[in-house]
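A short worksheet on the structure shown next.
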Amino acid sequence: MKTPKYLVPDDFMADPSVHIFNGRLYIYPSHDWESGIPENDNGDHFNMKDYHVFSTDDIENGELTDHGVVLSVEDIPWAGRQLWDCDVACKNGKYYMYFPLKDRNDVFHFGVAVADRPEGPFVPQPDPVRGSYSIDAAVFEENGEYYMYFGGIWGGQLQRYRDNKALEHTFIPDDDQPSLCPKIVRLSEDMLQFAEEPRDVVILDENGEPLKQGDTTRRFFEASWMHKYNGKYYYSYSTGDTHFLCYAIGDNPYGPFTYQGKILTPVVGWTTHHSIVEFKGKWYLFHHDSVPSGGRTWLRSLKVVELEYDALGHIKTIQGTAED
Ligand code: FUB
């Protein structure tokens, strides 16, 4: 599949988290809709209220099965608003969905919802994960341990925290200072809490120095993902206001990671978000853009395209849909 393909032409879906469970490919997207909330830097226009799950045995030529609504805002006891990018992990035959949601004070936390099958339905826990904040969960399993990457600035509220504590005033470093970092945390045995304090995911430049806040086409903004290729750990993310998907490579899940390059150049729409997965011997980049909605950035459409590496393990850059 060398040409990108839209996956759900009849609805607006974004932020795809993709996993292979029991040999089948499952997509866990955000569900965009026209809620009428005006666009602003706080992301209020991303006013999503439920999740669908999609699956297929054949991403190249097959149909996607839509498993329908698997979790809604009204089912979550602590809900305020805005169900943003979720992810799902499997442990001992149970499926755990990690979702960011604003509470009634408009503060993002993560909730966990549990299912017996990968396609749900997912039943939410009564309270958010203790000590959780910000957005964009991506869960990675290794040797029976589960790690969650998370964080996003601006509307994602990461700038409201330092050392995992809420600040009185938001903090974004000066341009010549190390950039705000995404976070990684190991999950508890029961998958319902953090097992440790979240730590910084440090992204280094070619000189071994942390990327600076002013390095806007390379520094982290939101949309973490982790995959492993040839024994190396590939941490990927969005640069947000400069609209690139980038990646960095490390030797273990915690990093540090060294910046490598761009995965996807900007797409139509403000946000760019992705997951990378191997299925039936090929690698794929799942992502979204706002071409079908005519550029309405809060109405995004799911896409997939094959992802390729060169002989040195570098990801070949894919061209997005935005004009230069
Ligand atoms: O979908 C809402 C937000 O937009 C996500 O959490 C971000 O990653 C961006 O895609």
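The values are calculated or read from the model by the stated rules, or taken from the named source; none is laboratory data. Bear in mind that the values here come from a model prediction, so they are computed numbers and not experimental data. All Cβ positions, glycine included, derive from the backbone under ideal geometry; neighbour counts span all protein chains shown. The area values use the complete protein model at the heavy-atom level, side chains included, leaving out ligands, DNA and RNA. Shrake-Rupley method; radii C 1.70, N 1.55, O 1.52, S 1.80 Å.
Data for the structure
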{"quantity": "Top of S238, S35, S301 by mean-square fluctuation, Gaussian network on the chain, Cα under 10 Å", "calculated": "S35"}
{"quantity": "Sites N105 and A311 - FRET efficiency at Förster radius 51 Å, r taken between beta-carbons, to 0.05", "calculated": "0.50"}
{"quantity": "Simple spin-label estimate for K49 and D116 in nanometres, 7 Å along Cα-Cβ", "calculated": "3.0 nm"}
{"quantity": "Selection of GluC sites (Glu not before Pro), the stretch 53-100, meeting DSSP coil and at most 14 other Cβ within 10 Å", "calculated": "E60, E63"}
{"quantity": "GNM flexibility winner over the chain from E222, E206, E306 (Cα, springs under 10 Å)", "calculated": "E206"}
{"quantity": "Those residues of the stretch 39-59 whose amide nitrogen sits under 20 Å from the label point placed on K5, 7 Å along Cα→Cβ", "calculated": "53-59"}
{"quantity": "Coarse-grained scattering of the chain at q = 0.08 Å⁻¹, given as base-10 log I(q)/I(0) from a Debye sum over alpha-carbon atoms", "calculated": "-0.31"}
{"quantity": "Of the trypsin sites (Lys or Arg not before Pro) in the stretch 237-324, those whose Cβ has at most 14 other Cβ within 10 Å and which sit in DSSP loop", "calculated": "K280, K316"}
{"quantity": "Neighbour-limited loop hits for trypsin sites (Lys or Arg not before Pro), the stretch 12-111 (at most 11 other Cβ within 10 Å; DSSP other than H, G, I, E, B)", "calculated": "R104"}
{"quantity": "Accessible-area composition of the stretch 5-307, carbon plus sulfur, in percent [1.4 Å probe]", "calculated": "46 percent"}
{"quantity": "Accessible-area order (highest first, 1.4 angstrom probe) of the listed residues D176, D289", "calculated": "D176, D289"}
{"quantity": "D (Stokes-Einstein, µm²/s), Kirkwood Cα radius, the stretch 219-260, 1.002 mPa s at 20 °C", "calculated": "208 µm²/s"}
{"quantity": "Residues in the stretch 92-134 reached by a label modelled at A195 [backbone nitrogen below 15 Å; 7 Å Cα→Cβ]", "calculated": "92"}
{"quantity": "15 Å Cα cut-off, lysine pairs counted over the stretch 5-307 (separation 8 or more, or different chains)", "calculated": "4"}
{"quantity": "Separation of alpha-carbon centers, the stretch 129-193 and the stretch 231-259, rounded to whole Å", "calculated": "15 Å"}
{"quantity": "Estimated distance in nm for a label pair at F21 and E142, the labels positioned 7 Å out from Cα along Cα-to-Cβ", "calculated": "2.3 nm"}
{"quantity": "Solvent-accessible area per residue for the stretch 5-307 (1.4 angstrom probe, square angstrom)", "calculated": "39 Å²"}
